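The values are calculated or read from the model by the stated rules, or taken from the named source; none is laboratory data. Treat the numbers as computed from the prediction; the structure is a model and nothing was measured. With ideal geometry, Cβ positions are generated from the backbone for all residues, glycine too; neighbour counts draw on all protein chains shown.
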Amino acid sequence: MKWKRPIFALVTVVLAFAAVEVALWIGGVAPLWALRDPFRGFSERMPVFELDESAGLWRTPPRATAHSFNYGQFAAAKPEGGYRLFVLGGSSAHGFPWGGEAAFTRLLGEALRASWPGRPIEAINAAAMSYGSHRLRILVHELARHAPDLIVVYEGHNEFVERRFYDELRRRNEGLDPLRELLNRSRLYTAMTVLYERARGEEAGAGDARTTGELLGLDVDREYTVDLARVERAEVRERFEENLRAIVRVARGAGARVILCTVASNLRDWAPNQSRFDDGVPFEKRQLVLQGIEAARQGLARGEAAAAVQALGAAVAVDPTYAEPRFLLGRAYEALGRWDDAREAYVAARDLDAQPARASSELNETIRRVARAEGALLVDVERLFEQQSEHGLVGFNLVEDYVHPKPEGHRLIARELWRTIHLEGLAGEARQPDVAEFDRALDALGATADAARREANPSWLFNLAVVLEKQGLDEQAMEKYRACLRLDPRYHVAHFNLGRLLFRRGRFAEAAAEQRSALALVPDDVRAMIGLGEALRRMDRPVEAEQVLRRAIELDRSSHEAWGSLGGVLTQLGRLPDAEQAFRTAVALDPRDAGARTDLGYTLLFQGDIPGAEAALREALGLRPDDLRARNGMAAVYTEQGRLDEAERLFRENLNADPDDPFARGGLLKVKERRSAGAAGF
């Protein structure tokens, strides 16, 4: 019959598919749903907690702990008389970078158990790395099914993360979610997906193009909003309020009380990520603002804080929305002891950041307003951190980086939550608690910062170091790289980055040691070879440096950095023709390498090729007009050409930019000598 053939074909396909699935199962291939959430937290189809019937527990599965969550567990059947609280939030509540052992959820649970020793108390950290309120709104529905008594929400920093992705996923056809789930349970689909992702990664390069979320293994793609406009801030605030109200109502519907927390951030030690001019400010006025900023920086460096305030005030008057002058005003007011003004300036700098990664005043005010309107309790962590900071200026004293509390900060949050639970009678009879009781409970249980640090994740510490480095906070970044290496001495990139920062600080022997450690782990790392070669060169060991750099070039002849470093070493050895050739190769490999062009210009100058030096230095200045070294080289060329007025002008401009520039000072003396010689008739 006609119908038999298509049925037979269908059965054959199904059996073949089943055979492949069985083979992959025997081969140990795990389906994607066990490895990661295909909905990235935007669907209730992939719960955070899974039931382990044999143990009688709800547990966080490896899929969740491998990406965004701490491991957590609680009883499948809530104990009689038990008290169960969940904490919702992002990485600040999660415990980044030290892990769940440092987070305030764990400390709070320990303190509550000490306060009510006869009562089963479960404190579950349901916070996740980079989760914003839109994800938490979904997650709270799952938590509501587990008979919570209290839900604590500590969120506000992640509202500007992954907005594009969130909007796209929100517009997805949810009717296809069952099909997506089925595919992600297929081992064949898993194998095909992994092969595709691997091929895509190889095409993209050696992994450097991956997002922070991918590098840390997170569900969240941390794509921050940049060039943020005022209308977008309003949209985010409205959506945040809508999500918070929904979270409170779902929790209340499950019979749980809710504590909303404002969120603290680093004000005094963290500059805005991005400053954005108002669209209505013309180019000429923008230049005035930038000039005012530069004048203020120089004034602060000279200890002239009052003059800096004046220059920055003028810049703010031109464009009140540009963030950088506000931050520098905070610095200037601090120098003058005007603490309230300093705090106001730092807050404005944070709130005007055009690439926001900290909760703004507007978002914290939203939290306070929602708590009042929805009958939730409020723990004002922002104000708590201010009270515990000198002059109310929160910085690295309580915050690791820009938002993540230090273990001491987590302890403060836990203590205030513990105090609120006692005062409001949320877990027992209402009473005025003795804070010393909280301290004794944690000290007796060993819940200290040192114990927490043992649970830290090296990758998180590395990421924190990178963030600190991008802010120009080299010392703090080096501290985190070292912490990362204490946990994992084989973290190759941490050795390299630490060596690079040590080199930048002029600590060349230490830099060389770190690059050697990196090479011991990855012997063919060309970048580490270049770093080692540069460090040896600065240690006046050019012969060793040449050997290392030639090995780097053998491995990668297309590395313009290696050729440029080799040129510097050969110059140090006095082999100028060889150095010239190395610099020419570097320029040919990367025509936009202004440093190599400058080095080439100096090498030609030292060999007496004045026209060649002038051409190379002009090309360098075309790429980098404000580079003092290239400008000094051009001034030296002018001196050799007898163009003494032009040479003097350049040298003097360079000294104005850097009064300690020895080359410019020597150049002015040379110009003076040439003028004297000319006047004497030589």
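Scanning segment 444-476 for residues that are of a type in the set (D, E, K, R) and at pLDDT below 85 gives 450, 453, 454, 455, 470. As for segment 242-262, it holds no residue that is at pLDDT below 95, surrounded by fewer than 18 Cβ atoms within 10 Å (Cβ to Cβ) and touching a Ser or Thr at 6+ places or on another chain (Cβ under 7 Å). Just to be sure before I move on: is residue 545 in a helix (DSSP H, G or I), under 24 Å from residue 458 (Cα atoms) and small (Gly, Ala, Ser) in the structure I sent? So residue 545 fails the test.
Considering only segment 370-379, I want to know if a residue exists there that is in contact with a Ser or Thr (Cβ under 7 Å, 6 or more places away or on another chain), closer than 21 Å to residue 234 by Cβ and at pLDDT 95 or above. There is no residue in segment 370-379 that is in contact with a Ser or Thr (Cβ under 7 Å, 6 or more places away or on another chain), closer than 21 Å to residue 234 by Cβ and at pLDDT 95 or above. Determine if segment 70-86 includes at least one residue that is crowded, with 24+ Cβ neighbours inside 10 Å and at pLDDT 95 or above. Yes: one or more hits. When segment 340-394 is filtered for residues that are in a loop (DSSP other than H, G, I, E, B), of a type outside the set (A, V, I, L, M, F, W, C) and either within 13 Å of residue 270 (Cβ to Cβ) or touching a strand residue (DSSP E or B) at 6+ places or on another chain (Cβ under 7 Å) (or both), the ones remaining, listed by number, are 353, 355, 356, 358. Scanning segment 51-67 for residues that are touching a helix residue (DSSP H, G or I) at 6+ places or on another chain (Cβ under 8 Å) and part of a loop (DSSP other than H, G, I, E, B) turns up 61, 66.
So how many residues does segment 127-141 have that are under 21 Å from the mean Cα position of the chain (by Cα) and under 16 Å from residue 239 (Cβ atoms)?
Restricting attention to segment 127-141, the residues satisfying the condition of being under 21 Å from the mean Cα position of the chain (by Cα) are 127-133, 135.
From what is left, the residues that are under 16 Å from residue 239 (Cβ atoms) are 131-133, 135.
The qualifying residues number 4.
Evaluated against (1) among the small types (Gly, Ala, Ser); (2) surrounded by 15 or more Cβ atoms within 10 Å (Cβ to Cβ); (3) in contact (Cβ under 8 Å) with a residue 12 or more places away in the chain, residue 657 falls short on exactly one condition, (2). Just for segment 96-128: of the residues that are out of contact with any Lys or Arg (no Cβ under 8 Å at 6 or more places or on another chain) and under 15 Å from residue 155 (Cβ atoms), which one is modelled with the lowest pLDDT? It comes out as 96.
Only one of these is more than 31 Å from the chain's Cα centre (by Cα), surrounded by fewer than 24 Cβ atoms within 10 Å (Cβ to Cβ) and on the phi > 0 side of the Ramachandran plot: 578, 540. Name it.
Numbers: 578 fails: on the phi > 0 side of the Ramachandran plot.
One residue alone meets the criteria, 540.
Condition check for residue 432 on (1) within 28 Å of residue 239 (Cα to Cα); (2) part of a loop (DSSP other than H, G, I, E, B); (3) of a type in the set (S, T, N, Q): one failure, at (1).
Do you know which residues across segment 231-250 are small (Gly, Ala, Ser) and more than 14 Å from residue 370 (Cα to Cα)? Write out each step before concluding.
If we filter segment 231-250 for residues that are small (Gly, Ala, Ser), which is where we start, we get 234, 246.
234 - this is the single residue of segment 231-250 that is small (Gly, Ala, Ser) and more than 14 Å from residue 370 (Cα to Cα).
Okay, residues lined up against (1) buried (at least 20 other Cβ atoms within 10 Å of the Cβ); (2) touching a residue at least 12 places away in the same chain (Cβ under 8 Å); (3) closer than 23 Å to residue 460 by Cβ:
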| residue | (1), (2), (3) |
| --- | --- |
| 385 | yes, yes, yes |
| 390 | no, no, no |
| 399 | yes, yes, yes |
| 406 | no, yes, yes |
| 419 | no, yes, no |
| 422 | yes, yes, no |
| 425 | no, no, no |
| 430 | no, no, no |
| 437 | no, yes, no |
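In the set 427, 441, only one residue is in a loop (DSSP other than H, G, I, E, B), over 17 Å from residue 267 (Cβ atoms) and over 23 Å from the mean Cα position of the chain (by Cα); that residue is 427. Please count how many residues of segment 627-682 are of a type in the set (Ser, Thr, Tyr) and either under 45 Å from the mean Cα position of the chain (by Cα) or farther than 26 Å from residue 594 by Cβ (or both). Summing the residues that are of a type in the set (Ser, Thr, Tyr) and either under 45 Å from the mean Cα position of the chain (by Cα) or farther than 26 Å from residue 594 by Cβ (or both) in segment 627-682 gives 1.
Within segment 226-330, considering only helices (runs of 4 or more DSSP H) that don't extend past its boundaries, which have at least 3 residues that are touching a Lys or Arg at 6+ places or on another chain (Cβ under 9 Å)?
Values: elements: 230-253, 283-301, 305-318.
It comes to 230-253, 305-318.
The condition of being surrounded by 17 or more Cβ atoms within 10 Å (Cβ to Cβ), farther than 29 Å from residue 261 by Cα, touching a Pro at 6+ places or on another chain (Cβ under 9 Å) and among the charged types (D, E, K, R) holds for only one of 278, 319, that being 319.
Being more than 28 Å from residue 466 (Cβ to Cβ) and out of contact with any Asp or Glu (no Cβ under 9 Å at 6 or more places or on another chain) narrows it down to one residue among 436, 414, 430; which is it? Unique residue meeting the criteria: 436. Summed over segment 499-537, the residues that are without any contact (Cβ under 8 Å) to a residue 24 or more places away in the chain, crowded, with 16+ Cβ neighbours inside 10 Å and not in a helix (DSSP H, G or I) give a count of 1. Condition check for residue 337 on (1) in a helix (DSSP H, G or I); (2) at positive phi: one failure, at (1).
When segment 554-607 is filtered for residues that are hydrophobic (A, V, I, L, M, F, W, C), out of contact with any Phe, Trp or Tyr (no Cβ under 8 Å at 6 or more places or on another chain) and more than 21 Å from residue 527 (Cβ to Cβ), the ones remaining, listed by number, are 573, 579, 604, 605, 606.
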